1. Just in region B:489-547: which trypsin sites (Lys or Arg not before Pro) are loop by DSSP and have at most 16 other Cβ atoms within 10 Å?
2. Over region A:79-128, consider all pairs of different Cα atoms and compute the Kirkwood hydrodynamic radius from their mean reciprocal separation; express it in Å, one decimal.
3. So what's the back-of-envelope 222 nm ellipticity for chain A, counting only DSSP H runs of four-plus at -39500 (n - 2.57) apiece and dividing by all residues, rounded to 500?
4. How many percent of DSSP beta bridges within chain B run antiparallel, rounded to 5?
5. Return the tail of the calculated pair distribution for the protein assembly as shown, meaning the percent of Cα-Cα pairs more than 44 Å apart.
6. Relative to the first principal axis of the alpha-carbon coordinates of chain A, what is the inclination of helix A:103-113, with its axis defined by its Cα atoms, in degrees from 0 to 90 and to the nearest 10?
7. Give the percent of DSSP beta bridges with both residues in the protein assembly as shown that are antiparallel, rounded to the nearest 5.
8. Can you classify region B:284-362 as rounded, prolate or oblate using the Cα gyration tensor, where a ≥ b ≥ c are the square roots of its eigenvalues, rounded means a/c under 1.5, and otherwise it's prolate if a/b beats b/c and oblate if not?
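What follows draws every value from the coordinates through simple rules; no lab data is involved. Just so it is clear, the structure is predicted and the values come from calculations on it, not from any experiment. Positions of Cβ are backbone-derived with ideal geometry, glycine not excepted, and every protein chain shown enters the neighbour counts.
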Amino acid sequence: MTPVIEAVDVSRSFGESGTEVVAVNHVSLSIGAGELLMLMGPSGSGKTTLLAMLGCILRPSSGHIRVQGKEVSTLSSKELARLRAETIGFVFQGFNLLSALTAWENVALVGDFLARHPQNMHSRSVEILENMGLGHRIYHLPEALSAGEKQRVAFARALVNRPRIILADEPTANLDSENRDRVVSLLRQSVKERDVSIIIATHDERILQAADRVIRIEDGQMTDDRKHGP
Amino acid sequence: MRTFRIILGACVDLVLFGVFVPWAAVRAGRMLDTAYPLSLNINRHISDIAGIAAIASGAAWLLWAWFLLVRDGHGYLTELFRMEISPVTDRLVTSGPFSVHRHPVCVGYLLALAGFGMVMGSPGVVAVCVPLLLYLVYVYLRLFEEPALRKRFGQDYEAYSGRVPMFFPSRRNRVPVAFRNLHADRIRFTVTVAGVAFSVLLICFQLSVLKGTQAQITTYIDHTGAHIWAMQKGVDDFVATSVVPRESVGAIEKLKGVQRAAGIYAIYTLLEINKVKSRVYVIGYDTRTGDGGPWKLGKTLPHVKDAHSLGHDEVLLDENLARRHGLQPGDRVSFFGHSFTVAGFTLETTSIGSQYAFLPRETVSRLLPGGRFAFTHVLVWSNGNISDQELIRHIGEKTGLSALTRDALAANMREFLGMFMLPLLTAGVVMGFLVGSITIGITLYTAVLERFREYGTMKALGATGWFLYGIVLKQSLISLGIGTAMGLVLGVLANQFINQWVPGMTARLDGSITVQTLLAGLVMAVLSTALPMWRLSRLDPMEAFRS
């Protein structure tokens with residue numbers, strides 16, 4: 001079966017020669033459909049850089065990334081943008097909601113990137129937010145939401161275009177234990193119900209139990225890759 | 001109290017939307033039609049029928065929506081800029097025309113207005129004023145009315161606005177990021193709009209003054225009606241001193257192609273009354289024929305009906321000149337050491353830096369040294385049998401005088417004016433343009449910088465560069481649209497003020513200036529986005545990962 005995302009010997013460095021910093025060093029991995037993979041490692045280990053490359057936001061210095069079997073290094077910026085909007089959902093550590101938009105507008109906005117029908121996007125956004133227990137917060141601005149609610153809105157945004165993959169960068173870092181458990185449960189639920197593949201970059205050992213597989217990274221290199229029962 | 005507010009609201013509606021808006025639209029449309037005549041070759045009957053149909057359907061749509069607002073919403077329409085004049089609706093109305101779009105009253109009104117323009121046969125109203133109004137209404141609704149409705153009806157309105165389009169059913173009715181950003185940054189938005197309005201006012205004002213001044217400086221030349229002007233050899237404008245022998249008039253009259261000729265005196269002099277000094281251009285004209293005399297009279301003594309009825313010791317003064325010196329008909333005033341009775345006022349006779357006074361030619365000839373032997377200019381009317389150029393050649397050959405057509409003389413005067421005024425006015429226009437562009441440019445740029453991470457997030461989530469540029473451009477166009485509209489309204493007011501209250505100065509705001517100002521606004525909008533767009537073009541979507 002074709003992996004949903006595949007990284008083949010990818011490296012990424014920043015800066016010029018002499019002061020060059022290698023953030024990711026010859027990493028290869030692949031993730032199948034419906035798999036929940038966690039990238040574990042301390043801060044500065046290269047998790048986020050790897051996640052950004054897997055999410056087609058950052059081009060690798062060397063190596064190849066394939067999304068659903070398609071080599072992405074040859075794609076233009078516009079094609080990459082479309083690929084991200086259609087296939088990949090993102091959840092960020094700081095939630096990254098647009099402050100001037102209400103919860104449903106934040107969710108529906110990504111439909112605009114694909115020129116989806118606005119009325120459909122409205123009903124779909126409302127439905128997802130209701131499923132996440134945010135029915136009473138649909139028309140609120142982010143400033144009126146708690147951290148847990150913001151993260152759930154961000155998660156709804158990641159799901160609204162029915163992506164094949166969700167990439168989450170430290171999704172529980174700013175949450176209390178109750179909201180952390182809730183988000184982890186939502187992630188697992190998505191894997192189960194929507195057959196979505198999820199890659200979470202985290203250093204939070206407390207959410208490890210949700211993973212199907214854990215990859216450990218240190219100094220940009222993969223040090224461990226093992227199956228893990230949820 | 002409720003009844004009073006309902007009546008007050010109805011009066012405001014009637015004055016604003018029943019009188020003022022149609023009047024302004026028709027006036028602006030007419031100005032555009034005059035400045036840019038457009039013949040569409042559409043059968044008049046068809047355009048009349050289409051116009052009446054549009055008026056009827058627009059009015060019906062509007063009235064139906066109004067009826068539902070009153071019956072189901074228990075409220076009225078008059079809420080302007082969040083000021084509730086009449087009682088507002090307490091229930092959200094979503095039936096009837098409100099199930100088709102959210103603002104059927106506005107759509108019906110604009111449809112009827114477009115119909116009105118069709119019946120009038122005014123492409124300016126239909127093609128420019130109505131779309132411009134639609135845009136302004138759109139911006140107003142987004143920034144004022146919809147946030148108020150959202151506040152009043154909460155989730156019900158959000159759900160309704162997500163379900164029903166604003167005006168037209170569309171597949172691309174996007175989440176209005178640009179509007180939301182502007183609404184969230186209200187202070188910045190207000191500063192931008194004020195900056196734009198000021199710069200547009202500056203541009204509009206300078207252009208109007210230039211146009212008014214150009215018209216002023218040639219007002220006498222334009223109104224005499226003479227086709228050719230003959231002057232002392234070497235003179236080619238109406239400012240330099242000219243002396244023309246009296247017998248030249250007779251010689252010119254005998255030339256082939258001449259209908260008639262009239263000698264006039266045109267002399268600059270200084271009028272001083274109670275230490276108030278004015279430069280006056282005294283015209284001595286033939287009161288028997290009226291040639292070269294005033295063309296429009298204001299307040300006069302009872303016996304003065306027109307240019308022919310001026311007595312030997314009487315003078316007609318420019319109205320602004322008389323006002324400046326506090327003179328009334330019947331007062332006495334001195335020219336060339338001789339006392340004259342002010343017989344009345346002349347209109348449209350204020351020129352740049354001076355005003356006109358009209359005296360009988362024979363009186364002037366007695367008062368001026370050498371006046372019995374010469375005039376200063378000869379006005380020539382052609383009978384059309386030969387070309388003006390040929391006639392000019394004949395005049396030169398026969399009398400040795402310089403001769404110019406009216407248009408050429410007027411052009412020389414405009415050029416003369418331009419030599420000292422144009423650089424000043426151009427500098428003003430450029431300054432207005434720069435102030436506007438820089439104001440919007442800086443506010444947009446800082447707005448982009450403040451939301452840089454949000455733009456980065458959108459890019460990471462799959463927005464293309466053009467999607468992000470679109471947001472910036474929309475913000476710019478919205479600010480520009482409102483600022484330009486405000487600036488133009490202020491420009492019209494400034495225009496009225498100058499013409500009414502500033503003696504000696506004329507501003508002329510017409511369709512071409514309106515279009516030029518609008519174009520300047522559009523160019524400002526595009527230019528001002530250059531810096532923010534450049535910044536966005538370098539936006540790294542990794543920005544989204546930065547906490």
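1. On the way: sites: B:R508, B:R535, B:R538, B:R546; in loops: B:R508, B:R538, B:R546.
Within region B:489-547, the qualifying trypsin sites (Lys or Arg not before Pro) (loop, at most 16 other Cβ atoms within 10 Å) are B:R538, B:R546.
2. Numbers: mean 1/r = 0.0858 Å⁻¹.
Evaluated over region A:79-128, this radius sits at 11.7 Å.
3. Details: 6 runs with 75 residues, N = 230.
Helix contribution divided over all residues of chain A: -10000 deg cm²/dmol.
4. Working: 36 of 47 bridges.
The antiparallel fraction comes to roughly 75 percent.
5. Values: 149273 of 301476 pairs.
Here the tail beyond 44 Å accounts for 50 percent of pairs.
6. Roughly 60 degrees, rounded to the nearest 10.
7. Values: 56 of 85 bridges.
For the protein assembly as shown, the DSSP antiparallel bridge percentage is about 65.
8. Details: a/c = 1.30, a/b = 1.17, b/c = 1.11.
In terms of gyration-tensor shape, rounded.
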